Structures are given as structure tokens and as C-alpha cells.
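Just so you know, all these numbers are worked out from the coordinates, no wet-lab data involved. All values derive from a computational prediction rather than experimental measurement. With ideal geometry, Cβ positions are generated from the backbone for all residues, glycine too; neighbour counts draw on all protein chains shown.
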Amino acid sequence: MEHRNIAFIGAGNMAQAIIAGLVQGGYPANKITVSSPSAIRREPLEKEFGIHSTNDNIDAVEKADVIVLAVKPQMMEEVCKPLQNIDMSKKLVLTIAAGIPATRYNDYFATQLQLVRIMPNTPALVGKGLSGMFAHNSLSSQDKQFADELMKSVGTTVWVEQESAINDIIAVAGSAPAYFFLFMESMQQEAERLGFSPEVARAIVQQAASGSTALAEKQHMLPFSTLREQVTSKGGTTAAALMQFYEGKLPENISSAMQAAIKRAQEME
Ligand code: NAD
């Protein structure tokens, strides 16, 4: 990965996860700066990773080749407007904020930016994220590659051709951890009703989930339907359980839940 000067604007969970991924992957810490008004957030990052930290967004952006905008969406306009006098012509801007269309940043900065809009999900916090990536065609392949490698430090990336597909990524990956957690939560509740202690119930469900994921990863050539069939003997216990899911229209429910997420993402833009 090329070594450019990177400034993170915002020192929250996502910025921290990406900084950790970069530094642990061998990116030089002295090429990374984090800027945040909150010393409580930025100073531990400076200590832990040996990066620079500042409370001066303007200085951080002026000195950087790549700017990662990692503040809450509702803060974005207020954070970007004071940066309007900076020459952005040779800088790459990456934004991980949800719900803000790419072209809106040109208004915030009052200039045409080289920008990548990124939609990561929370497993990025443990290096297993999935980031949806969008850039207009005018972005250079070097900039695209840089953004791609940066987000690969916390997981995998998927580039979308149309910006609207970022909302699809939200439904399939961004919100997905909550779908799986709901499933796990419901399974734990039933395990507790069966008499397992909360700790044991949680451990069983967690192991069943991570074991299933590991199996799916190892046998990635097989469709999920085949993996499902492999644990479902005719007339057996799993078949009895799955029958309940189908009668409750679980696949249709999942489909309408994902459509609801897309609709909400569209409304929020
Ligand atoms: P967070 O609240 O943990 O962090 C936000 C940071 O911004 C804080 O450190 C705060 O100090 C800093 N900040 C506030 N005002 C600032 C200013 N004027 N200048 C510089 N920094 C300022 O948020 P997060 O969870 O890390 O999310 C950051 C962005 O990532 C959001 O836009 C969110 O939509 C996006 N995102 C988060 C997730 C997630 O799972 N956490 C997933 C996808 C996208």
C-alpha cells in the first residue's frame, strides 16, 4: 500500500478501528494524524498507536494527502465548512458517514472533490468488516486503489457502480449484524427457558453461530442452501425446526425487513 499522509477527522469507534487496522498492518504511524476536539478520544489513540493527534481540523487537512471524514452525519456540514479555504485539488477525501450523498460534500467544501463514499459495518471494529465503496468515474484508479486498501485493513470491500446501491449494502451488510444478533438473542432466551444459565446459554449460542460461520467460510464453494441441507435429515429434528421457520414465513420476513432498511436509508438521504 502506498504511504500517503492520512488525516482522520473524528476520533470515534470507526476511526479507531481503521487506524488500528492500518498500523497493525504495517502502515507507518508517523503518516497518520487524528483530529478531534475531544482530548479524551484522541490522546489514547496517539499513545496506543504512536500516531499524531491534534484538535485543529484545518491544520490536519492542510498537511494531509488523504482525509477520512469520520464524524457523525449530523456534524458533517459543521465540520466541513471551516475547511473551505483549503486547496483540495490534490487531496483524496474518504467519508464513512451514513446517509450523505457523495455530491453533497462538494457543497460542504465549495469545490469539486476527489471523494469515495464508504459504508462500513461494525464487524470492522474487529477487522472483519464489509465496506461498500462508491466513487464517481472521474476518480483516478490510484485513488480508488488507495481507498480500497485502506478499508481492507478492517475487512473486505465491495465496490458499487451506482451510488443508490450503497443503500442496498446497508440492508445486506450494514444492518446485518443486528439481524444475526436478534436471532442469537431469541435462541439464548429459549435456551434459558430450557434451564441453561444465561452464561451457558450465551456461550452455546455464540459457539453455534461462530462454528456455522467458520463452516460456511471453509466450504465457501457450497451454496448456503446446501450447507443447510447437510444438517437437515428427512423427518429429523432440524427438519422439524425449519418447518416452523417456513410456516412463519421467515424468508419472506427477511426479504421485507431488508426492503424496509433500504426504504429508510433512502428517506434519510
Ligand atoms: P463516534 O461518535 O464514536 O465518533 C465521532 C467522533 O467525532 C468523536 O470522536 C468526536 O470527538 C468527533 N468529533 C465531533 N466533533 C468534531 C469536530 N468538530 N471535529 C473533529 N472531530 C469531531 O462515531 P462512530 O461510530 O465512529 O461513527 C463515525 C462515522 O462513521 C459516522 O458518520 C457513522 O455514520 C459512520 N459509520 C459508523 C458505523 C459504526 O458501526 N460505528 C458504521 C458505518 C458508518
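Among the residues of segment 46-66, just one is touching a Lys or Arg at 6+ places or on another chain (Cβ under 6 Å) and surrounded by 22 or more Cβ atoms within 10 Å (Cβ to Cβ), namely Val66. From the list Val23, Val93, the lone residue that is more than 9 Å from the ligand (Cβ to nearest atom), under 26 Å from Gly132 (Cα atoms) and in a helix (DSSP H, G or I) is Val23. With respect to the conditions (1) closer than 22 Å to Asn121 by Cα; (2) more than 23 Å from the chain's Cα centre (by Cα); (3) in contact (Cβ under 8 Å) with a residue 12 or more places away in the chain, Gln207 lacks only one, and its number is (3).
Per the listing Phe8, Phe109, the residue uniquely closer than 18 Å to Leu150 by Cβ and more than 8 Å from the ligand (Cβ to nearest atom) is Phe8. Looking at segment 143-151, can you tell me whether even one residue there is surrounded by fewer than 17 Cβ atoms within 10 Å (Cβ to Cβ) and assigned to a loop (DSSP other than H, G, I, E, B)? There is no residue in segment 143-151 that is surrounded by fewer than 17 Cβ atoms within 10 Å (Cβ to Cβ) and assigned to a loop (DSSP other than H, G, I, E, B). Taking segment 110-138 as the range and being among the hydrophobic types (A, V, I, L, M, F, W, C) and surrounded by 18 or more Cβ atoms within 10 Å (Cβ to Cβ) as the test, the residues that pass are Leu113, Leu115, Val116, Ile118, Met119, Ala124, Leu125, Leu130, Met133, Phe134, Ala135.
Taking the criterion of being within 8 Å of the ligand (Cβ to nearest atom), in a helix (DSSP H, G or I) and surrounded by fewer than 21 Cβ atoms within 10 Å (Cβ to Cβ), the only residue of segment 30-45 that qualifies is Arg41.
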